[in-house]
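> Before I ask anything, let me first share the structure, which is written out below as structure tokens.
The values are calculated or read from the model by the stated rules, or taken from the named source; none is laboratory data. Only a predicted model underlies this, so the values are computations on that prediction, with no experimental measurement involved. Positions of Cβ are generated from backbone atoms using ideal geometry, with glycine treated the same way; all protein chains shown enter the neighbour counts.
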Amino acid sequence: MAHLVQDLIYCAANQVPGNDALIYRNQKKSYLDLTKDIESIAGGLLDIGLSRYERVAIYLEKRIETVNCFFSVALAGGVFVPINPLLKPDQVAYILTDCNVSILLTSAERLKTLADVIPNCRDLRTVLVVDVRDRLSELPRLNIFRWEDLYSSSRITPPSRTIDSDMAAILYTSGSTGKPKGVVLSHLNIVEGAKSVAQYLDNNSDDRILSVLPLSFDYGLSQLTTAFYVGATNVLMNYLLPRDIIRIIESQSITGLAAVPPLWIQLAQLNWDSVTTLRYITNSGGAMPRTTLDLLRSALPATKIFLMYGLTEAFRSTYLPPEQIDKRPDSIGKAIPNAEVLVLRKDGSYCAPGEPGELVHRGALVAMGYWNDKEETKKCFKPIDPRQNGLQIPELAVWSGDTVKMDEDGYLYFIGRRDEMIKTSGYRISPTEIEEVIYATGDISEAVAIGVPHPVLGQAILVIATPKARRVLNEEELSSICKQRFPAYMVPSYFDIRKRDLPRSPNGKIDRKSLFIEMEHIFTDDNK
């Protein structure tokens, strides 16, 4: 039974040692091979001085070495910190400094881009480099080693002193102040998350899961841990174009695929006729537009679609069973196995059915807090009244900041994020509700509704959208459609129709924050 992160691999190696654990391009690693790798690397990490709880950052694209490092660090008693490979040097340096990273794994090419910033990362002492073709670079006060050198260690990894409540990883997520926050995950968080997801997706050792999301994203990391929990195969992919994903699904007989809404919007436009092996697909990171959902259901009639909701601070909270989609297509479902999701008022009391309140998650998946950030931790990880009479110690739960409501049957419906809600003329408006109407036209590829400064309304509603190629709706047509569907206070005041794709966050979501900052400056200046 798996208790620690590395146990996911050891348990699978005991059950299905010859199964492919990882496939990357023309490389394959069986579970037995993977156990040997992580033991060798863990020994090498101990040789170069890794101490218990020290942070090891990984700044690489998805590849075998990336995954090996995660689990080797865990086996050696350290904490792994995946860094999104799309981040720029200053952003990488912020993370290295913020969580006091002592060891960094990266590539020779990436190390060159970091040369100007990592000397300022005060706790960094060692850099491990893959793909070394020439002489290793020298950087002041840093020890630099080839990744391959770790395999030569003769050290036997000692029995783990780690317990499941110890921290295992730090994942960085966007913060309300503009700086990312490090969410600290325990071994228990990660293992229980894998177990829960594998249970409702009905994963098994015959599954072949395609990993297209960044491994620095909790949703992306979940593809690894869920596969390893059941001894399935994880196929790593750094795709360039959405159609490349279709090709690898065919060539690798993929049975499971996870993506975020902007990617599903693109994938839904493609031809899926040759895809026959896909058992399920999942969506998280935002609501999937109804038109996109309908396209995918039509293109993949034999594929189960799981609509999910999650946040890094609790990994995953809810899922909608595929059989409920026709009845409740707008629902984010019920709590995942071994979690409880509550809808609470500000004072902590329970909301009535249909009453909007804050989504609060309790259970084994609640993270350990934000690294080195007491104030933000207090805002998100707050006590709730004990669920059992007689308990004297308050329980910490994750207060998501998301507004939801629950129906009479216990199904949840997303209304909006506290920091994304638009307040106009005294009304609080959900951007999602407006975006769904825009998507329903069938002529819009991407849409975002945001609130912009307005001297009378407080905020006016602005819709930024990109049209599909076959037809371009103009502002008047979109406004007319909204007037037919919404009361006057919900009709957008402005439309910005763009021919280019909307900006993305490093995790592939539409970057609402950058769009808001861009448009806030424009409208603030216009109103002066």
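> Report whether or not Asp385 is farther than 26 Å from Pro431 by Cβ and in contact (Cβ under 8 Å) with a residue 12 or more places away in the chain.
Details: farther than 26 Å from Pro431 by Cβ: yes; in contact (Cβ under 8 Å) with a residue 12 or more places away in the chain: yes.
For Asp385, the condition - farther than 26 Å from Pro431 by Cβ and in contact (Cβ under 8 Å) with a residue 12 or more places away in the chain - is met.
> Tell me which of these Pro353 doesn't satisfy, since it passes every other one: (1) in the same structural domain as Glu313 (by TED's automatic domain parsing); (2) over 24 Å from Gly193 (Cβ atoms); (3) in contact with a Phe, Trp or Tyr (Cβ under 7 Å, 6 or more places away or on another chain).
(3)
> Name, by its number, the condition in (1) closer than 30 Å to Pro301 by Cα; (2) touching a residue at least 40 places away in the same chain (Cβ under 8 Å) that does not hold for Ala335.
All conditions pass for Ala335, except number (2).
> Looking at the range 429-459 only, could you name the residues that are free of Cβ contacts under 8 Å to residues at least 40 places away in the same chain and over 27 Å from the mean Cα position of the chain (by Cα)?
Passing the criteria: Asp443, Val456, Leu457, Gly458, Gln459.
> Another one. Please go through the range 70-106 and pick out each residue that is of a type in the set (Phe, Trp, Tyr) and either surrounded by 21 or more Cβ atoms within 10 Å (Cβ to Cβ) or in contact with a Phe, Trp or Tyr (Cβ under 8 Å, 6 or more places away or on another chain) (or both). Spell out how you get there, then give the answer.
Going residue by residue through the range 70-106, those that are of a type in the set (Phe, Trp, Tyr) are 70-71, 80, 94.
Phe70, Phe71, Phe80, listed by residue number.
> Can you spot a residue in the range 205-219 that is touching a residue at least 12 places away in the same chain (Cβ under 8 Å) and either part of a helix (DSSP H, G or I) or assigned by TED's automatic domain parsing to the domain that holds Asn507 (or both)? I'd like the intermediate steps shown before the answer.
Taking the range 205-219 and keeping what is touching a residue at least 12 places away in the same chain (Cβ under 8 Å), we get 205-219.
Now restrict to residues that are either part of a helix (DSSP H, G or I) or assigned by TED's automatic domain parsing to the domain that holds Asn507 (or both): 218-219.
Yes.
> Checking Thr466 against (1) part of a strand (DSSP E or B); (2) of a type in the set (Val, Ile, Thr); (3) surrounded by fewer than 16 Cβ atoms within 10 Å (Cβ to Cβ): exactly one of these is not met. Which one?
All conditions are met except number (3).
> Being within 21 Å of Asp207 (Cβ to Cβ), touching a residue at least 12 places away in the same chain (Cβ under 8 Å), in the same structural domain as Leu365 (by TED's automatic domain parsing) and crowded, with 18+ Cβ neighbours inside 10 Å narrows it down to one of Thr282, Thr292, so name that one.
Values: Thr292 fails: within 21 Å of Asp207 (Cβ to Cβ).
Answer to the selection: Thr282.
> If you check Lys374, Lys405, which single one turns out to be surrounded by 13 or more Cβ atoms within 10 Å (Cβ to Cβ) and either in contact with a Leu (Cβ under 8 Å, 6 or more places away or on another chain) or in the same structural domain as Asp294 (by TED's automatic domain parsing) (or both)?
Values: Lys374 fails: surrounded by 13 or more Cβ atoms within 10 Å (Cβ to Cβ).
Only one candidate passes the filter, namely Lys405.
> Examine the range 167-190 for a residue that is surrounded by 15 or more Cβ atoms within 10 Å (Cβ to Cβ), assigned to a helix (DSSP H, G or I) and not hydrophobic (A, V, I, L, M, F, W, C), and state whether such a residue exists.
Going through the range 167-190, the residues surrounded by 15 or more Cβ atoms within 10 Å (Cβ to Cβ) turn out to be 167-174, 180-190.
With the extra rule that they be assigned to a helix (DSSP H, G or I), the set shrinks to 187-190.
Subsequent filtering for residues that are not hydrophobic (A, V, I, L, M, F, W, C) retains 187, 189.
Within the range 167-190, one or more residues are surrounded by 15 or more Cβ atoms within 10 Å (Cβ to Cβ), assigned to a helix (DSSP H, G or I) and not hydrophobic (A, V, I, L, M, F, W, C).
> Does Ala57 meet the test of being under 19 Å from Ala198 (Cβ atoms), surrounded by 20 or more Cβ atoms within 10 Å (Cβ to Cβ) and modelled with pLDDT of 95 or more?
Numbers: under 19 Å from Ala198 (Cβ atoms): no; surrounded by 20 or more Cβ atoms within 10 Å (Cβ to Cβ): yes; modelled with pLDDT of 95 or more: yes.
It is false that Ala57 is under 19 Å from Ala198 (Cβ atoms), surrounded by 20 or more Cβ atoms within 10 Å (Cβ to Cβ) and modelled with pLDDT of 95 or more.
> Considering only residues that are in contact (Cβ under 8 Å) with a residue 40 or more places away in the chain, in contact with a Ser or Thr (Cβ under 8 Å, 6 or more places away or on another chain) and part of a helix (DSSP H, G or I), which ones fall in the range 13-36? Even if it seems obvious, please write down each step before you answer.
Going through the range 13-36, the residues in contact (Cβ under 8 Å) with a residue 40 or more places away in the chain turn out to be 15-16, 19-24, 31.
Now restrict to residues that are in contact with a Ser or Thr (Cβ under 8 Å, 6 or more places away or on another chain): 15-16, 19-23.
Within the range 13-36, Gln15 is the sole residue that qualifies.
> Here's a follow-up. Restricting attention to the range 20-48, which residues are polar (S, T, N, Q) and buried (at least 17 other Cβ atoms within 10 Å of the Cβ)? Before you say what the answer is, go through the steps one by one.
First, the residues of the range 20-48 that are polar (S, T, N, Q): 26-27, 30, 35, 40.
Passing the criteria: Ser30, Thr35, Ser40.
> Moving on to the next point. Strands (runs of 3 or more DSSP E) wholly in the range 276-390 with at least 3 residues that are of a type outside the set (A, V, I, L, M, F, W, C) - which ones?
Working: elements: 280-283, 304-309, 318-320, 331-335, 339-344, 357-363, 381-384.
The qualifying strands (runs of 3 or more DSSP E) are 280-283, 331-335, 357-363.
> Does at least one position in the range 393-404 carry a residue that is hydroxyl-bearing (Ser, Thr, Tyr), part of a strand (DSSP E or B) and under 27 Å from Leu4 (Cα atoms)? Outline the logic, then answer.
Keep residues of the range 393-404 that are hydroxyl-bearing (Ser, Thr, Tyr), which gives 400, 403.
Restricting the remaining residues to those that are part of a strand (DSSP E or B) gives 400, 403.
Then drop every residue that is not under 27 Å from Leu4 (Cα atoms), which leaves 400.
Yes - at least one qualifying residue is present in the range 393-404.
Rundown of residues vs (1) under 25 Å from Tyr31 (Cα atoms); (2) part of a helix (DSSP H, G or I); (3) in contact (Cβ under 8 Å) with a residue 24 or more places away in the chain, yes/no style:
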site	(1), (2), (3)
Leu45	yes, yes, yes
Tyr53	no, no, yes
Glu61	yes, no, yes
Phe80	yes, no, yes
Asn84	no, no, yes
Glu109	no, yes, no
Arg122	no, no, yes
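> Considering Gln199, Gln223, which residue is more than 16 Å from His3 (Cα to Cα), buried (at least 21 other Cβ atoms within 10 Å of the Cβ) and not small (Gly, Ala, Ser)?
Details: Gln199 fails: buried (at least 21 other Cβ atoms within 10 Å of the Cβ).
None of the other options fit; the residue is Gln223.
> Which condition from (1) under 24 Å from the mean Cα position of the chain (by Cα); (2) at pLDDT 95 or above; (3) not hydrophobic (A, V, I, L, M, F, W, C) is the one that Glu323 breaks?
Unmet condition: (1).
> Still on this structure, I have one more. When you go through Ile281, Ile209, Ile265 one by one, which is the residue that is in contact with a helix residue (DSSP H, G or I) (Cβ under 6 Å, 6 or more places away or on another chain), modelled with pLDDT of 95 or more, β-branched (Val, Ile, Thr) and at negative phi? Reasoning before the result, please.
Working: Ile281 fails: in contact with a helix residue (DSSP H, G or I) (Cβ under 6 Å, 6 or more places away or on another chain); Ile265 fails: modelled with pLDDT of 95 or more.
On inspection, the qualifying residue turns out to be Ile209.
> Of all the residues that make up the range 133-163, how many are part of a helix (DSSP H, G or I) and either modelled with pLDDT under 90 or over 13 Å from Glu39 (Cβ atoms) (or both)? Working first, answer last.
Kept after step one, since they are part of a helix (DSSP H, G or I), are these residues of the range 133-163: 147-152.
Then keep just the ones that are either modelled with pLDDT under 90 or over 13 Å from Glu39 (Cβ atoms) (or both); that gives 147-149, 151-152.
Selection size over the range 133-163: 5.
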